Amino acid sequence: PNSFLMVYCTLRNEVSLASSQLVSVDDIVMDVGGDGSDESQTWDDQEAVVVTAAEKAQDAESTEGAKVQPSSVESIALMEDFGIDGGNIDGYDPVAHDGFAPRPGFDHKVSYVEWYKAYALGKPADNAADAYGAFMPHPDDKPGDKPQWPEFHDMYHDVEFDGPPGPWDPEDHPEWAATSLAVADLLEQYREAAQHEGYARTFETANHPATDANTDPAERDLLLGMILPDLSSHRTLAKAMLADAWRAPGGEVSGERMRTAIDTTLRAANHMHQGATLIEDLVGTAVGALANKNARWALQRGVFSPEEMRAMLDTLQQRDVGPVDPMPSLRGEHAFSMDFTQHLFSPPTATGEPHFNRQRAERVFSWWERDERAADLIERSSKMTPEDVSASLDTLDNYYRNLGDMMRTGYPQVRADDLDVWVDQNLRTSPLTEAILPGLSRYYELRTRGQADRRATQVAFATEVFKAEHGRYPASLDELPLSSNGTMTVDPYTGNHFGYKLTDDGPRIYSLSENGIDDGGSHSRRWGDRGGNVDGSDDYVFWPPQP
């Protein structure tokens, strides 16, 4: 009952939404494939449906046409006393705060933008984000700043192509061949950018108060104005590069070109995992899953020689960065909630206590579709005492810290249902927590699926390499050599080996998924989605690749 799905459409490079809606997920029947069928995509093709606190807040702030009424003289004076144009993080000790942003004291302004710049964003010397930015579209680009991208026509951008990926002859697909030629330089730039070691994007804000007389002065230094990264370009180039790797003049796919394409997309995926936001981490998971799927299909279609299979396995293991620490992204979400609370209850009273700001509330709660829901939130928020605000901050603090610890512990000790229980225990603390506290069990699920996907793909290659060397498949996964980190054969959902069965057609490799029970290797395209599979199986089969 407390889950929501954000549904929106926007043109490439748009940084704000004209409107947004939050609707009960029970009211939604989602056609994820666009063909009228809700079974048209495997998990790695689906866009993640995760609404974060930052996105909730940003959508509220970016509502087109919203204006803030002029503040009273008294409020302006209080804002000046509050240091609304200044604010600093002097004296902040990241160790003492476990890396989390300081909570607002209300007797002085905390600049969460400065905190985010100093402590949330990385500062690598070799920054891939700069290389990507040299050729990828950006909302602030002016005509002529960068060469215009061509239209993409390939197996992943052709609505008539029904997959799975496979060899294609340029003579049979002249449009695909034309795209291959048109994007060759772009893909080479993508490959070169992916070679960089680090990744940290520059903090940018959509607020331009100097040119907008209607902007609340307090909004000049808000995380709410941060431009969330537009990462569709990464998905576009990853798909184009992998599609191009299947180009087969004369019917033969180059194993070396395929390995280069997979290596590039995995490197780019790892860059996204280094980002400071949950959405970057999720895009990294999606791009990585696409690369691994193509690797498995290329193995199944005999693209690689035995030597190339070994080289491909080495590449997969080198690019497997292991479980991505969720805490940096959660710290960013925490900072958004602190900033949001400070904004909503400022300027403070003359004694430095939090004071509800109705004008701001009417703006930031405007994302609710139903007027009575927004009015209810505003009315109940207006009655919050300083003690209520402090209790809400305690809840938000405790929520993100414990959520990070639960995600770090991971499966099988902590399952997605446990995170939903944790949300329910905290959500109804106050109108404030109801409005901005996100449920992130779906994010947790997708991260774990990505981890299983990386490992199982390596296992598939390792079994084929084993057969090439011994003339038979391994009788069990115990016969495979350990990977460098010793986790290759471990299904993250159970902490034990992946499901493994030898059949007349070769091995069957699968994850036991959310329920952690071996259901015999019957493939569930949606990993059961916590009991949603009709035949009762929760297993996800990686090998042989499933159509």
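The values are calculated or read from the model by the stated rules, or taken from the named source; none is laboratory data. Worth saying up front: this structure is predicted, and the values here are computed from it rather than measured. With ideal geometry, Cβ positions are generated from the backbone for all residues, glycine too; neighbour counts draw on all protein chains shown. Areas reflect the complete protein model, heavy atoms only, side chains present, ligands, DNA and RNA absent. Shrake-Rupley method; radii C 1.70, N 1.55, O 1.52, S 1.80 Å.
Counting protein heavy atoms only, segment 378-427 has 46 percent of its accessible area on carbon and sulfur, 1.4 angstrom probe. Checking the Cα-Cα distances for Lys293/Lys467; Lys117/Lys142; Lys109/Lys142; Lys146/Lys239; Lys123/Lys146 against a 31 Å cut-off, the pairs over it are Lys109/Lys142. Counting every alpha-carbon pair across segment 471-514, the share separated by more than 13 Å comes to 57%. In whole percent, how big is the carbon plus sulfur part of the accessible area of segment 247-294, probe 1.4 Å, protein atoms only? The nonpolar share, carbon plus sulfur, comes to 47 percent. In this structure the amide hydrogen of Trp543, modeled in the peptide plane, comes within under 5 Å of the amide hydrogens of Ile509, none closer than 5 places in sequence on its chain. Defining a contact as two alpha carbons under 8 Å apart and six or more residues distant in sequence, what relative contact order in percent does segment 318-450 show? After rounding, I find 23 percent.
Each peptide in 329-335, 396-402 receives the mean, over its residues, of other Cβ atoms within 10 Å, and ordering these scores from highest gives 329-335, 396-402. Prolate is the label for segment 264-338, because the ratio a/c of its alpha-carbon gyration tensor axes (a ≥ b ≥ c) is 1.5 or higher and a/b is greater than b/c. Take segment 234-300 with all the other protein chains still there, run a 1.4 Å probe, and you get 23 Å² of accessible area per residue. If only the Cβ of Lys and Arg carry +1 and only the Cβ of Asp and Glu carry -1, the dipole of segment 444-547 around its Cα centre is close to 280 debye. In order along segment 349-364, the Karplus-derived 3J(HN,Hα) couplings, from 6.51 cos²θ - 1.76 cosθ + 1.60 at θ = phi - 60°, round to 6, 4, 8, x, 9, x, 9, 5, 10, 5, 4, 5, 4, 4, 7, 6 Hz, and Gly and Pro are given as x. Averaged over its residues, segment 441-513 has an accessible area of 38 Å² per residue, based on protein heavy atoms and a 1.4 Å probe.
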